[in-house]
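**Student:** Would you mind keeping the following structure in view while I ask a few things?
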Amino acid sequence: MPDSAQVHLIDDDTTIRSAAPRLLRAVGISCADYPDIETFLTNPSGPIVAPGCILLDIGLPGRNGLDAQTSLTGLYPTVPIVFLTARDDAHSSIRALKGGAFDYLLKPIDAALLIPSVRSALSRSSELATRRQAADQDAELLAKLTPREREVLLLVTKGMLNKQVADQLGTAEKTVKVQRASVMLKLNANSVADLVRFVDRQGLSDKK
């Protein structure tokens, strides 16, 4: 787990805001706490980044945890939410999990459950951040291609030879050869297999 990993506890219960950070810090996990959603969203220490997780009380006064879940997930897609609740409410737990919650823990806080859950959430956050970074890099590479190079990319990854691509596009084979080389260079690809994997990652194979 990276040293930069950060847990964000949002709970109006001062007892919880004292106990949970103490438990987490005892095992080397940094934890900041907030009494409500609004305070968290206006956090002066800067943007919330991965790896991290949000420990969110369902029963917050005003805008409760479930009401805030969708907006928090949209704002921080790589920061999983672990819900905390004092009531074992099946309806709330189902709603939370269907909304993408990473976990759902009952109060009073049990260190034997809290710490493994948080560690798993932080590991998940690291994975999500890595995938998002790779996807962003792929998108930047794809944007470098001209519209015709994108056509060549899709046809090549269908298994077509240069002559077949040229016939399909109504152009010269030597032109396709140059465009194909340009695609390979711009996408940092060494083989057709690399291009196929790139197309699959971008979901372009479903649009052929």
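The values are calculated or read from the model by the stated rules, or taken from the named source; none is laboratory data. Computed from a predicted structure; not experimentally measured. Cβ placement follows ideal geometry from the backbone for every residue including glycine, while neighbour counts extend to all protein chains displayed.
**Student:** Keeping to the stretch 25-38, report how many residues are assigned to a helix (DSSP H, G or I) and over 23 Å from the mean Cα position of the chain (by Cα).
**Tutor:** Taking the stretch 25-38 as the starting set, the residues that turn out to be assigned to a helix (DSSP H, G or I) are 25-26, 37-38.
This time we only want the ones that are over 23 Å from the mean Cα position of the chain (by Cα), so: 25-26.
Of the residues in that region, 2 qualify.
**Student:** Could you list, in sequence order, all residues of the stretch 161-175 that are over 19 Å from A193 (Cβ atoms) and surrounded by 13 or more Cβ atoms within 10 Å (Cβ to Cβ)?
**Tutor:** Taking the stretch 161-175 first, the residues over 19 Å from A193 (Cβ atoms) are 163, 166-175.
Scanning the stretch 161-175 gives A166, D167, Q168, L169, T171, E173, T175.
**Student:** Tell me yes or no: at least one residue of the stretch 95-107 is farther than 23 Å from F40 by Cβ and of a type outside the set (D, E). Please lay out each step first, then the result.
**Tutor:** Narrowing the stretch 95-107 to residues farther than 23 Å from F40 by Cβ: none.
The answer is no, given that none of the residues of the stretch 95-107 is farther than 23 Å from F40 by Cβ and of a type outside the set (D, E).
**Student:** Could you please let me know if D110 is among the acidic types (D, E), within 30 Å of A19 (Cα to Cα) and within 29 Å of the chain's Cα centre (by Cα)? Break it down stepwise before answering.
**Tutor:** Numbers: among the acidic types (D, E): yes; within 30 Å of A19 (Cα to Cα): yes; within 29 Å of the chain's Cα centre (by Cα): yes.
Answer is yes for this residue.
**Student:** Pairs please, first residue from the stretch 137-162 and under 14 Å from K177 (Cβ atoms), second anywhere and among the small types (G, A, S) and surrounded by 15 or more Cβ atoms within 10 Å (Cβ to Cβ), Cβ atoms under 9 Å, 6+ apart in sequence or on different chains.
**Tutor:** What qualifies is E149/S182; V152/S182.
**Student:** So which residues in the stretch 72-122 are at pLDDT 95 or above, surrounded by fewer than 13 Cβ atoms within 10 Å (Cβ to Cβ) and assigned to a loop (DSSP other than H, G, I, E, B)?
**Tutor:** Residues satisfying the conditions do not exist here.
**Student:** Which ones in the stretch 157-196 are closer than 24 Å to E140 by Cα and of a type in the set (D, E, K, R)? Please lay out each step first, then the result.
**Tutor:** Within the stretch 157-196, the first condition is being closer than 24 Å to E140 by Cα, and the residues that meet it are 157-158, 176-196.
Listed by number, the residues that qualify are K158, K177, R180, K186, D194.
**Student:** Considering the stretch 123-140 alone, what residues qualify as being over 30 Å from A19 (Cβ atoms) and either among the small types (G, A, S) or at pLDDT 95 or above (or both)?
**Tutor:** Just the residues of the stretch 123-140 that are over 30 Å from A19 (Cβ atoms), to begin with: 130-140.
Hits for the stretch 123-140 are A134, A135, A139.
**Student:** Limited to the stretch 127-162, what total is found for residues that are under 26 Å from the mean Cα position of the chain (by Cα) and in a helix (DSSP H, G or I)? Before you say what the answer is, go through the steps one by one.
**Tutor:** Going residue by residue through the stretch 127-162, those that are under 26 Å from the mean Cα position of the chain (by Cα) are 127-145.
Subsequent filtering for residues that are in a helix (DSSP H, G or I) retains 127-143.
Adding up the residues that qualify gives 17.
**Student:** I would also like to ask the following. Looking at V176, V183, V152 in this structure, which one is of a type in the set (A, V, I, L, M), modelled with pLDDT of 95 or more and either in contact with an Asp or Glu (Cβ under 8 Å, 6 or more places away or on another chain) or outside the structural domain of G203 (by TED's automatic domain parsing) (or both)? Talk me through it step by step, then tell me what you get.
**Tutor:** On the way: V176 fails: either in contact with an Asp or Glu (Cβ under 8 Å, 6 or more places away or on another chain) or outside the structural domain of G203 (by TED's automatic domain parsing) (or both); V152 fails: either in contact with an Asp or Glu (Cβ under 8 Å, 6 or more places away or on another chain) or outside the structural domain of G203 (by TED's automatic domain parsing) (or both).
When all the criteria are applied, what remains is V183.
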